[in-house]
Amino acid sequence: MSLLRSFLTVRAVREGRAQPAATVRHAHLSAEPLVFIPLRLAGEAAAPLAAMVGTGRADARLLGVANPRSRDQRFTFMAELAEIIVPYIQKYAAQVEISDTKSAYERCLDAPQILVPNPGGLAFIRLIGRSTRFRATEGPHAVAPQVPLLGRWLTFLHERSEFAGSAMLLAMTDLLAEHWVTGLSGPENVNLAGQLAWIDPPDGMTGQDAALIAEDPLRSPPAGPDTDPGFDRHVLKPLIDAPSPARLHEALRGQLEPTWELMWRAVDLLRAVPDADSAEGRWERDRTALARQNTWIAEGGLPPGRWDSAVAAARRLAGLEGAQQSYEASKAFDDPLVMAEHRAEGAAFTGRVITVDADRKIIPPGKKRLVARPLVTIGTSDPVRFAPGKKLLSPARPKQGTVLVSVDADIVTLQINSGMTKDATLPSPGEVVCYTELDPAGGRRPALPDVTETPWTHGGPPPEYVPTDEDAQEAWS
Amino acid sequence: MSRLDAIRGRSLPVDHDARRIAALAANPACDRRAVLDAAGIDKAKTVEHLGFPTRFGQSPFAVSRTQEFRATVKAHGGAHILRLLREVLGLSVEEAGYHDVGDVGADAGHGVRYRHTMAVLKSAAENPADAATLVDHPLLKLGVAGYDVYLEPDVIAFQVDRRFHVVAIKSFAIIDGQADSGKVSAAAREAAVYVHAMRDLFAQLGLDPERVSHDVVLICPKDFMNFPTACLVDVRLQLEALKRQLQRLAKIDTLLDRLPPGLSLDLQLDGETPTRPVPELSAALSSIPARYAPECLSACEMAYFCRDEARACGSLEALGRTVRDDLGGVASLPVAMDLIAGSGVPSAEHAAIAERLGFVRRIFDEVVA
């Protein structure tokens, strides 16, 4: 957490409601998101108990397992789930266009967006993906053909969701915490009901009072995947021991419906926030990844193995870091409130331009020709902790590379090095400008060897992954 | 009657398990938890009587899953265990003796079972014929806050090559070689309590405590199956933390000396029903200083009572440790609210944070305006 977020936490308590931590919405929000609330049987790694799923508030489908211990019923559940989720994804994956960039590539016109309540829901999606993607569709433990496909798509969506800025699979509590700061502590803030109580408390109530009511599991059942132990003991167990499908169905509905309402309320709240400028560009990357994955599956590519090879893992890690850096920076460039967070930490400063020497020309070290290197002096009351030589960028002119020349009390001198094209403008005296070390282009990717060149320190070249019968028939008990 | 018995009143003391000790060590600055646990007070019943939820129940499905898995692992005289131990410890042992210390009789007191555990472990440690031995249901004892507590264990001690290993059986899955890190570290903290208690016991028996290994064997279901797999977990770090925190726990006597004389947390049970007037019990509890932090919500039955109290008296820590650390030096929420609003004159000790917060307020107002 940053000082600004701690400031906003205290302010939220003072004001009795959550404080906005963003002025724009940094995630793309689909016109037709699929809300998915899974529940699992306590004590099991990935035994589904029930789920509520659908693309509209009035379009809730309730799936349930009468006996979660039964392996056959689990796969029936997965087949039913696949009937809903796979066509939803394929609808988007089927519509592609060719980009009009220099090197043309395929991308989908739009992409699916699955919303789960919390990080636990994301982890559960990963497990469902892992437990279904290898299943065989013929032979001794055959499952419906859609089941391994569901596994492959969920695995893909979960892997993408680990990249900052990807929006095809999101946890609602993360999304809300990115845009609002509540008066709840970290451990309490993963409770969707409590979070919404602070963001949008009922009339005449403070966030604190509303959250107290919201955290009662009888009023707001847990948003999954774990159920309330009291519900398990007093309601679920009797209904599983002495089967009564109709009553079980209603009991599960009672556990899921309140969260369903909260999810759509959260969607409404997020819709009311205007889109950030760079959200569309990030969504475009999701659309491209979707097209690539669709081609891979269509051409008979294998599902990802249980483990990444060393090179793939290193590449993925570098990709994750780059995405994180670039997302943080883009957010700050799009949103002055996020930039304020970095200003408070000393990663950016704002000030008023005093002088601009637009005609300054120097011979850079090691060069022979005279080139334009304008100097700008800025008066600021922010503490500036950058050292001379630091490369800085400004959200107002993101293409203009600058370097810090000196800091003298509250006067900062910058030299403009690049991005002075014909239609580019220089800062003008009196203008309020912000400069930061953040760079939306992200860090440089390390060069990694080809998989066949994996060094011995990392186990040497890995054997090619071939799915085994053992993978396909893994017992599920 | 000791002071602790007097505080507990007529209720029977509750048993401790390693999870409680581990949780106690997680918040060693909390006097309230130290006193309640040392006195063996039923915290769940107490807090329910006060009208707060415990939210600590375990689902019956999780309980039966754990029992089933444990039974599978222990079936046939621990055949699975021996196979797994051979794998993870690289042994060539073909068979091992099996002693169940728990079968001295269900109604045997703690003292009896503890002496029996000591005897079995001593003979296993000293008798060469018992070179490979599994000891199930050992009962251990640990000094916590100057008071001995018995540990109802769910582990097995295994001896091979004159070294004992603590074997912990847990029902969370290890999927593709990975398990939930929160659950693994909870299991490691718990196992460290057993290692510590066993080393204590060895020292008492005049044996070398180092014969109890710091490598704990963790047995869990593999992937989505009911089939057990095992791995070694090094708990040296957890052991050090536990030792340090057990030492730091104020000696219970000095702690008790600071409490009001005649303090009683007796629930005045009528059968199973507490009859103690709630305001009286609440006031008695409040006279024992607590140190609430949001992490308590997942570690202590009293958490909701303490949270309510902490909020009522304006504790900043109730908003989380990061907020408290970011606003370094400020302990009270009303002071923090004044500082962020810039109202009033900050005291000298808060001058530095007041200045930083003033800057944050200025840039926040600039953006939001």
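The values are calculated or read from the model by the stated rules, or taken from the named source; none is laboratory data. Just so you know, these numbers come straight off a predicted model, no measurement behind them. All Cβ positions, glycine included, derive from the backbone under ideal geometry; neighbour counts span all protein chains shown. The protein model used for the area step is the full one, side chains on, heavy atoms only, and it has no ligands, DNA or RNA in it. Shrake-Rupley method; radii C 1.70, N 1.55, O 1.52, S 1.80 Å.
Hey, what do the phi angles of segment A:239-249 turn into as Karplus ³J(HN,Hα) couplings, whole Hz, using 6.51/-1.76/1.60 and θ = phi - 60°, x for Gly and Pro?
6, 8, 5, 10, x, 8, x, 5, 5, 4, 4
For chain B, which DSSP H helices look membrane-span-like by this rule: Cα extent along the axis of 15 Å or more and mean Kyte-Doolittle of at least -0.5? Walk me through the intermediate numbers first.
Working: long enough: B:60-89 (34 Å, 0.06); B:110-126 (24 Å, -0.38); B:181-204 (34 Å, 0.16); B:236-248 (18 Å, -1.11); B:351-368 (25 Å, 0.67).
Taking the DSSP H segments of chain B (at least 15 Å long, mean hydropathy at least -0.5), we get B:60-89, B:110-126, B:181-204, B:351-368.
So which lysines pass the test for residue A:361, namely a Cα distance under 18 Å, with those fewer than 8 places away in the same chain ruled out?
A:422
Who wins for biggest fluctuation among B:323, B:88, B:216 in a Gaussian network model of chain B, springs between alpha carbons below 10 Å?
Looking only at B:323, B:88, B:216, the largest GNM fluctuation is found for B:323.
Any idea what Rg and Dmax come out to for segment B:1-276 if you just take the C-alpha atoms, in Å?
Cα radius of gyration and Dmax of segment B:1-276 are 19.7, 61 Å respectively.
Among rounded, prolate and oblate, which fits chain A when a ≥ b ≥ c are the square roots of the eigenvalues of its C-alpha gyration tensor, a/c under 1.5 means rounded, and a/b larger than b/c means prolate? Walk me through the intermediate numbers first.
Details: a/c = 2.60, a/b = 1.52, b/c = 1.71.
Because a/c hits 1.5 or more and a/b fails to exceed b/c, chain A counts as oblate.
How would you order A:13-19, A:52-58, B:56-62 from highest to lowest mean count of nearby Cβ atoms within 10 Å?
Details: A:13-19: 20.6, A:52-58: 16.1, B:56-62: 17.9.
For the peptides A:13-19, A:52-58, B:56-62, the packing ranking is A:13-19, B:56-62, A:52-58.
Hey, got a sec? Which trypsin sites (Lys or Arg not before Pro) in segment A:152-258 land in a DSSP loop and have at most 10 other Cβ atoms within 10 Å? Can you show the working numbers first?
On the way: sites: A:152, A:160, A:219, A:233, A:247, A:253; in loops: A:219.
Listed in order of number, the matching sites are A:219.
Hey, if we sort A:32, A:106, A:453, A:138 by accessible area with the 1.4 Å probe, largest down, what's the order? Mind showing how you got there, number by number?
Values: A:32 55, A:106 80, A:453 125, A:138 145 Å².
If we order A:32, A:106, A:453, A:138 from most to least accessible, we get A:138, A:453, A:106, A:32.
Looking at segment A:3-306, send over the antiparallel percent of its DSSP beta bridges, to the nearest 5.
Details: 15 of 21 bridges.
Among the beta bridges of segment A:3-306, antiparallel pairing accounts for roughly 70 percent.
What does the structure give for B:353-365 when I average, per residue, the other chain Cβ atoms found within 10 Å of the residue Cβ? Kindly include the intermediate steps, with their values, before the conclusion.
Working: counts 1, 0, 0, 4, 5, 0, 6, 12, 4, 5, 13, 10, 1.
That works out to 5 on average.
Heavy atoms of the protein only, probe of 1.4 Å, neighbouring chains included. What is the accessible area of residue B:144 in Å², nearest 10?
Looks like 10 Å² after rounding.
Compute the separation of the alpha-carbon centres of segment B:229-292 and segment A:193-231 and state it in Å as a whole number.
Comparing the Cα centres of segment B:229-292 and segment A:193-231, I get a distance of 29 Å.
Kindly provide the helix-only [θ] at 222 nm of the protein assembly as shown, computed as the sum of -39,500 (n - 2.57) over DSSP H runs of four or more divided by all residues, to the nearest 500 deg cm²/dmol?
Working: 27 runs with 354 residues, N = 846.
Only helices count here, giving -13500 deg cm²/dmol.
Pull up all non-local amide H partners of residue B:16: gap of 5 or more, or a different chain, and H-to-H distance under 5 Å with H placed in the peptide plane.
The list, which skips near neighbours in sequence, is B:150, B:152.
Would any residue of segment A:10-39 have its amide N under 14 Å from a label point 7 Å out along Cα→Cβ of residue A:280? List them or say none.
A:28-29
Once the principal axes of the Cα atoms of segment A:281-440 are found, what is the range along each, listed largest first in whole angstroms?
Over segment A:281-440, Cα extents along the principal axes are 62, 40, 30 Å.
Using packing as a proxy for protection, rank A:294-305, A:408-419, B:195-206 so that the peptide with the highest average count of other Cβ atoms within 10 Å comes first. Mind showing how you got there, number by number?
Working: A:294-305: 13.8, A:408-419: 15.9, B:195-206: 18.7.
With the highest mean Cβ count within 10 Å placed first, the list reads B:195-206, A:408-419, A:294-305.
Points 7 angstrom from Cα along the Cβ direction at residue A:216 and residue B:76: gap in nanometres?
Placing both labels 7 Å along Cα→Cβ, they lie 5.3 nm apart.
Suppose accessible area is computed on protein heavy atoms with a 1.4 Å probe; arrange B:227, A:75 from highest to lowest.
Numbers: B:227 95, A:75 20 Å².
Reading off the accessible areas and sorting them downward yields B:227, A:75.
Give me, ordered by chain and number, the residues 5 or more places off residue A:25 or on other chains with an amide H under 5 Å from its own placed amide H.
Residues meeting the criterion, in which the H sits 1.01 Å from N, are A:275, A:276.
What are the residues whose amide H is under 5 Å from the amide H of residue A:34, where those residues sit 5 or more places off or on another chain and H is modelled from the backbone?
Long-range HN contacts for residue A:34: A:113, A:114, A:115.
Let a ≥ b ≥ c be the square roots of the eigenvalues of the Cα gyration tensor of segment A:9-137; is it rounded (a/c under 1.5), or, if not, prolate (a/b larger than b/c) or oblate? Spell out each step's value before the answer.
Values: a/c = 2.19, a/b = 1.11, b/c = 1.97.
It comes out oblate by the Cα gyration axes.
For chain B, with a Gaussian network of springs between Cα atoms less than 10 Å apart, report the residue from B:35, B:149, B:120 with the top mean-square fluctuation.
Looking only at B:35, B:149, B:120, the biggest GNM fluctuation is shown by B:120.
How well do other chains shield peptide A:205-217, expressed as the mean number of their Cβ atoms within 10 Å of each residue Cβ? Before the final figure, lay out each step's value.
Working: counts 0, 0, 0, 1, 0, 0, 0, 4, 0, 0, 4, 2, 2.
Counting other chains' Cβ atoms within 10 Å and averaging over A:205-217 gives 1.
Cut-off under 22 Å on the C-alpha distance; same-chain residues fewer than 8 positions from residue A:331 excluded. Which lysines are left, in chain and number order?
A:390, A:391, A:399
Please work out whether segment B:307-369 counts as rounded, prolate or oblate from its C-alpha gyration tensor, where a ≥ b ≥ c are the square roots of the eigenvalues and a/c under 1.5 means rounded, while otherwise a/b larger than b/c means prolate and anything else oblate? Intermediate results must be reported in sequence, preceding the final value.
On the way: a/c = 1.97, a/b = 1.57, b/c = 1.25.
Prolate.
Give me the inter-chain shielding for A:181-189: mean count of other chain Cβ atoms within 10 Å, whole number please. Walk me through the numbers before you get to the answer.
Working: counts 0, 1, 4, 3, 13, 7, 7, 6, 2.
Per residue, the average neighbour count from other chains is 5.
Tilt of helix A:3-15 relative to the longest C-alpha principal axis of chain A, in degrees (0 to 90, nearest 10)?
Tilt of helix A:3-15: around 60 degrees.
Which residues, if any, in segment A:1-25 have at least 20 Å² less accessible area in the whole protein complex than in the isolated chain, probe 1.4 Å?
Residues shielded by partner chains are A:1, A:3, A:4, A:6, A:7, A:9, A:10, A:11, A:13, A:14.
How far is the Cα center of segment A:287-302 from the Cα center of segment A:377-395, in Å?
45 Å
Please report, in debye to the nearest 20, how large the charge dipole of segment A:3-306 is about its Cα centre when each Lys and Arg carries +1 at its beta carbon and each Asp and Glu carries -1 there. All intermediate terms of the calculation are to be shown ahead of the outcome.
Values: 32 positive and 36 negative charges, 139 e Å.
About 660 debye.
Which percent of the accessible area of the protein assembly as shown is formed by carbon and sulfur heavy atoms (probe 1.4 angstrom)? Can you show the working numbers first?
On the way: 20040 of 37820 Å².
So the carbon and sulfur contribution to the accessible surface is 53 percent.
Just how far, in whole angstrom, is segment B:16-81 from segment A:121-174 if you go by their alpha carbon centroids?
For segment A:121-174 versus segment B:16-81, the Cα centre distance is 34 Å.
Between B:271, B:342, B:182, find the one with the highest GNM mean-square fluctuation for chain B; connect C-alpha pairs within less than 10 Å.
In this elastic network of chain B, the residue with the biggest mean-square fluctuation among B:271, B:342, B:182 is B:271.
One-quarter of the Cα convex hull surface for the protein assembly as shown, in nm²?
Numbers: hull surface 174.2 nm².
Average projection, Cα convex hull of the protein assembly as shown: 43.5 nm².
Please enumerate, by chain and number, the lysines with C-alpha under 25 Å from the C-alpha of residue B:122, excluding those fewer than 8 residues away in the same chain.
Those lysines meeting the cut-off are B:74, B:141, B:243.
Does anyone have the angle between helix A:119-132 and the longest principal axis of chain A? Alpha-carbon axes, 0 to 90°, nearest 10?
The answer is roughly 60 degrees.
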